[in-house]
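Presented below is the structure to which this report refers.
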Amino acid sequence: YPNQKFTSSPKQKNKKIDKQREMSQIRFDNRVVIVTGAGNGLGREYALYFAAKGAKVVVNDLGVTHSGEGTKTNPAQKVVDEIKAAGGVAVANTDSVEFGDKIVKTAIDAFGKVDVIINNAGILRDITFQKMTDLDWNLIMKVHVNGTYSVTRAAWDIMRQQGYGRIINTGSGSGIYGSFGQANYSTAKLGIHGLTLTLAKEGEKRNIRVNTIAPIAASRMTETVLPKEALANLDPKHIVPLVGYLAHESCEETGSLFEIAAGFIAKLRWQRAAGALFDLPYTAEEVRDRWNTICDFEKNPEYPTATSDTFAKVNENVERIQLKK
Ligand code: NAD
């Protein structure tokens, strides 16, 4: 029947479109997702989302106040109960993120693997640097930096071996821009993005993608800091779609940093001025005299992504000097 055209009826067409939509839906069937700090706020929303989309979820939460003091609650189990009541699959873990091996063991024992990690657990110890104690500093490093390290390290070999992993780390505007009274927290949050940058490079060949989000959302962390009118627009649910996409197998993004709040999402990157090249040796006075050039982002700025981009400039200057000789 070489000339016969097989056209589908409108009904068939709709069915086809429905099928295509279904296939292109972001789902996590057969995926195992660990969400840390998932008893409250953002983490709870992530856990509910992944479970609703078919994932098997490890709901980790130590159950502490927003400044890290112990409570008698077990918010992780509460979220697991919620997930199960809705027909989802989840298991609770109540270890601190400092003991990532225990959290990953919960995933392995219950579900046999780990595909996605959402490093989300966090606390605050806000105080001006002048009044900051070693305890304020160390607690923040322990939970944010060591916690993110520990959970990721425990799952890293598993992800490498299976040739698949999606990791979303949680940074903060405080880490990107600095924030009065948060020297400890901003150090930790930008440090976490440093981990993202390197793990994105180390995980690239094994299909492990690692990104950082810097969210703003209404939660225990922000309820006493932000005005009520602002909080009304900052439902933590509005952060979930970005995390859902970054955690999916179809997303190849890696080593990136995103700001996200109330339906606004944007990627950030480094921008470098074209800068100045000096003959060697050179003086502080010469630096002063060319300060505007050093800081000029208007003329031919660059967007470096690796230290090799810096060495390109070093080589350019060395060659320039040699040519002059
Ligand atoms: P939240 O206080 O509502 O939730 C944090 C959860 O982490 C809590 O349930 C807490 O019990 C848990 N937790 C704390 N220490 C833990 C530990 N050692 N081990 C396991 N669980 C622990 O706060 P949130 O606003 O949902 O914050 C989630 C993440 O987002 C944090 O990393 C936070 O720093 C970051 N963040 C939040 C905002 C915001 O506007 N809410 C802004 C920037 C960054």
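Values as computed for the structure displayed
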| item | result |
| --- | --- |
| Value of D in µm² per second that Stokes-Einstein yields for the chain, Kirkwood Rh from Cα pairs, at 37 °C (0.692 mPa s) | 148 µm²/s |
| Scaled radius of gyration (Cα, divided by 2.2 N^0.38 Å) that region 184-266 gives | 1.23 |
| Sparse-neighbourhood loop sites, trypsin sites (Lys or Arg not before Pro) in region 55-94 - DSSP loop, at most 12 other Cβ within 10 angstrom | Lys72 |
| Cα centroid separation, region 176-206 to region 279-303 (Å) | 28 Å |
| For the chain, the longest site-free run once GluC sites (Glu not before Pro) in DSSP loop states with at most 11 other Cβ atoms within 10 Å are removed | 70-251 |
| Greater than 19 Å apart at Cα, pairs in Lys56/Lys113; Lys13/Lys53; Lys56/Lys102; Lys72/Lys228; Lys56/Lys105; Lys105/Lys189 | Lys13/Lys53; Lys72/Lys228; Lys105/Lys189 |
| Beta bridges per DSSP with both ends in the chain, % antiparallel, nearest 5 | 20 percent |
| In order through region 246-254: 3J(HN,Hα) via Karplus (6.51 cos²θ - 1.76 cosθ + 1.60), integer Hz, x for Gly, Pro | 4, 7, 8, 5, 6, 9, 9, 4, 7 |
| Value of Rg to Rh for region 224-325 (Rh from inverse mean 1/r over Cα pairs, i.e. Kirkwood) | 1.20 |
| Value of relative contact order over the chain, rounded to a whole percent, pairs C-alpha under 8 Å and six or more apart | 13 percent |
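Read-outs throughout are calculated quantities, based only on the coordinates presented, and are distinct from any laboratory measurement. All values derive from a computational prediction rather than experimental measurement. Every residue, glycine among them, receives a Cβ derived from its backbone with ideal geometry; neighbour counts consider all protein chains shown.
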